[in-house]
Amino acid sequence: MLGLPFKSIFAETVKIGDRTINGNQLKWSVFHDFPAGKMYSTVQEWVFPFIKNLHGDMESAYSKYMGDAIFKIPTPLMLDKIVTAMDGIYEQIAQLKAADTRGDVYEYLLSKIATAGVNGQFRTPRRIIRMMVELMEPKADDIVCENCTTSLIRIAAA
């Protein structure tokens, strides 16, 4: 869009641990068509480790927060259901370009994980607040809008 050169993160070959694989195998457009068992092993052994180590700087906030991440989808069938559901969401996004489908999905997910107070407001978990502070690096004289936290998280998720 800006005319800047583009280099895909899915290079011809990608090193994951001690293995070198074809980077195209990590793309959603490729693995979402695999049978459930192959999709599960691909995501568990290649895609998740690739995402977990995506940022090369091991001292970055991303690396710190992803360092102890674990793959918790229990079965190939569950992963297949998740991928199928997400494909459906992507189809809806394509059909409803004017609608904020991603925002709606995000708000729905927040409603499922939110710790509702008396007024039903969303309370941002402390680990998310700490991550946002590390990423934003606010200075003592910066103005922070507390009510913008959810919007800021939503923007980052989009």
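The values are calculated or read from the model by the stated rules, or taken from the named source; none is laboratory data. Bear in mind the structure is a predicted one, so any value in this text is a computation, not a measurement. Cβ atoms come from the backbone with ideal geometry, glycine included; neighbour counts cover every protein chain shown.
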Query raised in the report: For ASP18, are the conditions met, namely being closer than 28 Å to GLU137 by Cβ, surrounded by fewer than 11 Cβ atoms within 10 Å (Cβ to Cβ) and of a type outside the set (Gly, Ala, Ser)?
Result: no
Report task. Sort through SER29, SER8 and tell me the only one that's loosely packed, with under 11 Cβ neighbours inside 10 Å, more than 19 Å from LEU77 (Cβ to Cβ) and touching a helix residue (DSSP H, G or I) at 6+ places or on another chain (Cβ under 9 Å). Result -> SER8
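What tally of residues in region 68-80 results from selecting those that are touching a helix residue (DSSP H, G or I) at 6+ places or on another chain (Cβ under 8 Å) and farther than 19 Å from HIS32 by Cβ?
Of all residues in region 68-80, those touching a helix residue (DSSP H, G or I) at 6+ places or on another chain (Cβ under 8 Å) come to 69, 71, 73, 75-77, 79-80.
Retained after the next criterion (residues that are farther than 19 Å from HIS32 by Cβ): 69.
Counting residues in region 68-80 that are touching a helix residue (DSSP H, G or I) at 6+ places or on another chain (Cβ under 8 Å) and farther than 19 Å from HIS32 by Cβ gives 1.
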Query - Considering residues of region 1-53 that are within 20 Å of the chain's Cα centre (by Cα), among the aromatic types (Phe, Trp, Tyr) and over 13 Å from ASP80 (Cα atoms) only, the residue modelled with the lowest pLDDT - result: PHE10
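Listed residues PHE10, PHE34, PHE6, PHE50; which is hydrophobic (A, V, I, L, M, F, W, C) and within 25 Å of LEU109 (Cβ to Cβ)?
Numbers: PHE10 fails: within 25 Å of LEU109 (Cβ to Cβ); PHE34 fails: within 25 Å of LEU109 (Cβ to Cβ); PHE6 fails: within 25 Å of LEU109 (Cβ to Cβ).
Criteria check complete, one pass: PHE50.
Yes/no per residue for (1) of a type in the set (S, T, N, Q); (2) surrounded by 15 or more Cβ atoms within 10 Å (Cβ to Cβ); (3) touching a Leu at 6+ places or on another chain (Cβ under 6 Å); (4) more than 19 Å from GLY23 (Cβ to Cβ):
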{"position": "LYS38", "(1), (2), (3), (4)": "no, no, no, no"}
{"position": "ALA61", "(1), (2), (3), (4)": "no, yes, yes, yes"}
{"position": "TYR65", "(1), (2), (3), (4)": "no, yes, no, yes"}
{"position": "ILE70", "(1), (2), (3), (4)": "no, no, no, yes"}
{"position": "PRO76", "(1), (2), (3), (4)": "no, yes, no, yes"}
{"position": "LEU79", "(1), (2), (3), (4)": "no, yes, no, yes"}
{"position": "ALA85", "(1), (2), (3), (4)": "no, no, no, yes"}
{"position": "TYR90", "(1), (2), (3), (4)": "no, no, no, yes"}
{"position": "ALA94", "(1), (2), (3), (4)": "no, no, no, yes"}
Report summary line: Those residues of region 19-44 that are assigned to a helix (DSSP H, G or I) and out of contact with any strand residue (DSSP E or B) (no Cβ under 8 Å at 6 or more places or on another chain) come to a total of 15
Query raised in the report: Does SER8 meet the test of being small (Gly, Ala, Ser), out of contact with any strand residue (DSSP E or B) (no Cβ under 7 Å at 6 or more places or on another chain) and not in a loop (DSSP other than H, G, I, E, B)?
Result: no
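Does ASP68 satisfy the condition of being part of a loop (DSSP other than H, G, I, E, B) and free of Cβ contacts under 8 Å to residues at least 60 places away in the same chain? Steps first, please.
Working: part of a loop (DSSP other than H, G, I, E, B): yes; free of Cβ contacts under 8 Å to residues at least 60 places away in the same chain: yes.
Yes; evaluated as a whole, the condition is true for this residue.
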Requested in this report: Quick one: LEU54 ticks every box in (1) of a type in the set (A, V, I, L, M, F, W, C); (2) in contact (Cβ under 8 Å) with a residue 24 or more places away in the chain; (3) over 29 Å from LEU135 (Cβ atoms) except a single one, so which number is it?
Outcome: (3)
Report task. Scan region 62-81 and give yes if some residue there is under 23 Å from GLN44 (Cα atoms), of a type outside the set (S, T, N, Q) and at pLDDT below 70, otherwise no. Result -> no
